[in-house]
Structures are given as structure tokens and as C-alpha cells.
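Read through the structure below, which is laid out as C-alpha cells, and then see the notes.
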Amino acid sequence: QVQLVESGGGLVQPGGSLRLSCVASGSILSIYFMGWYRQAPGLQRDPVAGISSDGRTNYADSVKGRFTISRDNANNMVYLQMDSLKADDTGVYYCKIVCQAGASRNAMDYWGKGTPVTVSS
């Protein structure tokens, strides 16, 4: 019904930058929230950044001032610009949206399959 596809992950040296992208497709009626989550090896999946339909953003303390989330409402896309990357930023990054889709009257969560990011020298 709704599919999310992330891209842009890879291997980068400490201090480097990456830009993640996520595109949502399917029978989407309205997207209320778009966000990025990170799961480091052996740990739980934690929120990194989120953006509401009116553009309000929030960030995990660990990424404030280094990461920037943005969205393209016309194309159902969300981006995560990651600068000054650290080894602790390593993990699989997942895109999540909260949207109304198809015949459902309720907003639901949808997840992508993730894109890996490795920060290492």
C-alpha cells in the first residue's frame, strides 16, 4: 500500500558528510510526519530527526548542529543531511512516515528497509 525506499548510505571518514534520501510511494493521501531513525549494531532503533507537515523539526541531542532534516511535500520525499560525522553515527538509518493512505481513516506508521551508514577511517 505504501512503500518507502531509502538511499544515500555508505562508508565515510570521520568528519565527512552524507545525504540520505527517502521517497514514499503508494496510495498516500496525506503525510503528517516524516522522520529518520538509527539502529547501531546490537542496540535498539532510536529517533534521529523528525519533521512535521508544517515544517517543525526536532533532533536527537547527539546530532543537533550536525544533521539537518528537510522534506519535499510535492514529491513525498524526506532528506537527512549529515555533516561532521562521527564513528558513533554508524548504524542502519531507517525512514518512517506517519500518513493516511488508501481507504484507511487512520494515520499509520510505515517504515523503509534502511540504508547502512559506516563512519570509519
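The values are calculated or read from the model by the stated rules, or taken from the named source; none is laboratory data. These numbers come from a predicted model, not from an experiment. Virtual Cβ from ideal backbone geometry, glycine too; neighbours counted across all protein chains shown. All accessible areas refer to the heavy atoms of the entire protein, side chains included, with ligands and DNA or RNA removed. Shrake-Rupley method; radii C 1.70, N 1.55, O 1.52, S 1.80 Å.
May I ask you to give the solvent-accessible area per residue for segment 68-107, in square angstrom, as obtained with a 1.4 angstrom probe? It would help to have the intermediate numbers written out before the result.
Details: 1860 Å² over 40 residues.
I get 46 Å² per residue for segment 68-107.
Given DSSP loops and a limit of at most 14 other Cβ atoms within 10 Å, what is the longest stretch of the chain that contains no such trypsin sites (Lys or Arg not before Pro)?
1-55
In square angstrom, what is the accessible area per residue of segment 1-53 with a 1.4 angstrom probe? If you can, show how the numbers build up before the last one.
On the way: 2680 Å² over 53 residues.
Result: 51 Å² per residue.
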query: So, with +1 on the Cβ of K and R and -1 on the Cβ of D and E, and no other charges, what is the size of the charge dipole of the chain about its Cα centre, to the nearest 20 debye?
result: 100 debye
field: the chain, accessible surface, carbon-and-sulfur percent (1.4 angstrom probe)
entry: 48 percent
- prompt: Residue by residue through segment 76-91, which ³J(HN,Hα) values in whole Hz follow from phi under the Karplus form 6.51 cos²θ - 1.76 cosθ + 1.60 (θ = phi - 60°), with glycine and proline marked x?
  reply: 6, 10, 9, 10, 9, 8, 10, 10, 6, 5, 10, 4, 5, 7, 4, x
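Can you give the local net charge around Gly112? Use residues other than it whose beta-carbon is closer than 13 angstrom to its beta-carbon, Lys and Arg +1, Asp and Glu -1. Working shown, then result.
Working: positive: Arg38, Arg45, Lys96, Lys113; negative: Glu6, Asp109.
Overall, the nearby charge balance is +2.
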